[in-house]
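Below you'll find the structure, written out as structure tokens, and then a few comments.
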Amino acid sequence: MLKSYLYSGLCMVFAVAIGLGGAANPILAADKENNQLIETTDSDKPGWKLTFEDNFSGDELDFTKWSRSPEWKRKDGWWSDEESFLDGEGHLIIQISERDGEYYSGAINTRDKFEQAYGYYEIRAKLPKEEGFWSAFWLMTDGAHEVGNEGRDGTEIDIFETPYAYRNNDTISHALHWDGYEEHHKSAGQDIHVPGIYEGYHTFALEWTKDEYIFYVDDQITWRTNAGGISEVPSFVQLSAEVGEWGGKIENATLPDQMVVDYVRVYERDVYSALDIVKEVEQLKSKHSFTNPQAARDIITHLTALQHFEHTKRLEKVVKHAKGLKNLLSSQQEKEWLTEHAYLRLQGAVDRLIVDWEEY
């Protein structure tokens, strides 16, 4: 599932990055082609390249990115175009309504507009709480209907579903489905208890690698599995709600109810870089993880040289200086200049950089 390289004067970039506050602030980064400073935003994710993003600004759904799912019978209700729309305040609304005794819900997808295999898929949303339906953020491909190669030729990946909302037990569901939906159907799933999950906004994510699926809620791992083998097939993104007994009795619901979506983002892996570690340092600094401010300055000085070698593609020098940074971090830990959490996080970041550049 972010490459940046050094140019002259980049020490200033590092200094600005370290001086910023929390993660919500923009970070100044290097534009390697134009030798200029560019502003990066919260959608930047160290070690990843953004491939799809919608923040749902404006008044109309962006049909270059999304299609509404067909208006057809779905479980005990209908998917309806009227039930997926933007609120004009930066949110997508997936709504569940009742009209003349029938139940309707919204559903949109990126089929034939954006499809990707592997990566990091993330949504920030506020979940509906009424009974008789569930909302979902999921990945789908026609290959999920194929039988005979387990999930490798396509898996339905349900990053979250909310059939238990009405039970007030703070539980959501992750699931995988493969080998079709009839007699050969196979599945695996995990119900996750997260206190307060139906209050306010939360992030839900999937990291899909060639070896496993890793599910996250609010940046915490909630399930990891390789059930069915790992799908190798590009999948499209789908946001939906549907009516059915799995979610309880719809007659008990007070409607309309809504899933409110702040953003959807998808990333693919990129080569980890020195600037990605700068962002790690900035985040740690904002959390007061350095007991001696000299520690952050020494790390940035070391990264300045390392990024020069990245820029000139001197791979052996990159790895050598990265290993030197590991030694520096060990020395700082012995002096108690940074917390144990910061030490482990930065050591892990440097290890990842070494692996990426050794394979570059």
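The values are calculated or read from the model by the stated rules, or taken from the named source; none is laboratory data. Since this is a predicted model, take the numbers as computed values, not measurements. Positions of Cβ are generated from backbone atoms using ideal geometry, with glycine treated the same way; all protein chains shown enter the neighbour counts. The area values use the complete protein model at the heavy-atom level, side chains included, leaving out ligands, DNA and RNA. Shrake-Rupley method; radii C 1.70, N 1.55, O 1.52, S 1.80 Å.
The phi-based Karplus calculation (6.51 cos²θ - 1.76 cosθ + 1.60; θ = phi - 60°) puts the 3J(HN,Hα) values of region 167-172 at 7, 6, 10, 6, 10, 10 Hz, whole numbers, x for Gly and Pro.
Which is farthest toward the positive dipole end of the chain among 204, 223, 286, measuring Cα position about the Cα centre, with Cβ charges +1 (Lys, Arg) and -1 (Asp, Glu)? My answer, from the dipole projection, is 286.
From helices alone, the chain scores -7500 deg cm²/dmol at 222 nm; the rule is -39500 (n - 2.57) for each run of n ≥ 4 DSSP H residues, then divide by the residue total. Each listed q (0.16, 0.17, 0.22 Å⁻¹) maps to a log10 I(q)/I(0) for region 206-352, found by the Debye formula over equal Cα scatterers with no solvent: -1.01, -1.07, -1.32. For region 59-89, the list of trypsin sites (Lys or Arg not before Pro) that fall in a loop by DSSP and count at most 10 other C-beta atoms within 10 angstrom is empty.
Residue 195 sits among other residues whose Cβ lies under 12 Å from its own Cβ, and their net charge, with Lys and Arg +1 and Asp and Glu -1, is -3. Residues whose amide H lies under 5 Å from that of residue 117, counting only those 5 or more places away or on a different chain, are 235; hydrogens are built 1.01 Å from N in the peptide plane. For residue 201, the amide hydrogen comes within under 5 Å of no other amide hydrogen, counting only partners 5 or more places away or on other chains and with H modelled in the peptide plane. Amide H to amide H distances under 5 Å link residue 231 with no residue, where only residues 5 or more positions off or on other chains count and H is placed in the peptide plane. Each Lys and Arg adds +1 at its Cβ and each Asp and Glu adds -1 at its Cβ; summed about the Cα centre, the chain shows a dipole of about 1980 debye. Applying the Karplus relation 6.51 cos²θ - 1.76 cosθ + 1.60 with θ = phi - 60° to region 132-142 yields 3J(HN,Hα) values of x, 7, 8, 9, 7, 10, 8, 10, 9, 8, 4 Hz, where x marks Gly and Pro. Estimated from the Cβ-Cβ distance and a Förster radius of 35 angstrom, the FRET efficiency linking residue 294 and residue 262 is about 0.35. Computed from phi, the 3J(HN,Hα) profile of region 343-348 under the Karplus parametrisation 6.51, -1.76, 1.60 (θ = phi - 60°) reads 4, 5, 5, 6, 4, x Hz, with x in place of Gly and Pro.
Where in region 322-360 are there trypsin sites (Lys or Arg not before Pro) that are in a DSSP coil and have at most 16 other Cβ atoms within 10 angstrom of their Cβ?
Sparse-neighbourhood loop trypsin sites (Lys or Arg not before Pro): 335.
Just the protein heavy atoms count here, and of the accessible area of the chain at 1.4 Å, carbon and sulfur take up 46 percent.
Note on residue 62/residue 126: beta-carbon distance plugged into 1/(1 + (r/R0)^6) with R0 of 25 Å gives a FRET efficiency of 0.75. Region 154-170 and region 179-229 have their alpha-carbon centroids 9 Å apart.
Applying a DSSP loop filter and a limit of 14 other Cβ atoms within 10 Å to the trypsin sites (Lys or Arg not before Pro) in region 178-271 leaves 210, 249. Rolling a 1.4 angstrom probe over the protein heavy atoms with all chains in place gives the chain an accessible area of 45 Å² per residue. Taken along its principal axes, the alpha carbon cloud of the chain reaches lengths of 67, 45, 40 Å, longest axis first. Size check on region 135-257: the Cα extents along the three principal axes, sorted descending, read 43, 32, 20 Å. Label point of residue 149 set 7 angstrom out along Cα-Cβ; within region 78-117, amide nitrogens under 20 Å from it belong to 112, 115-117.
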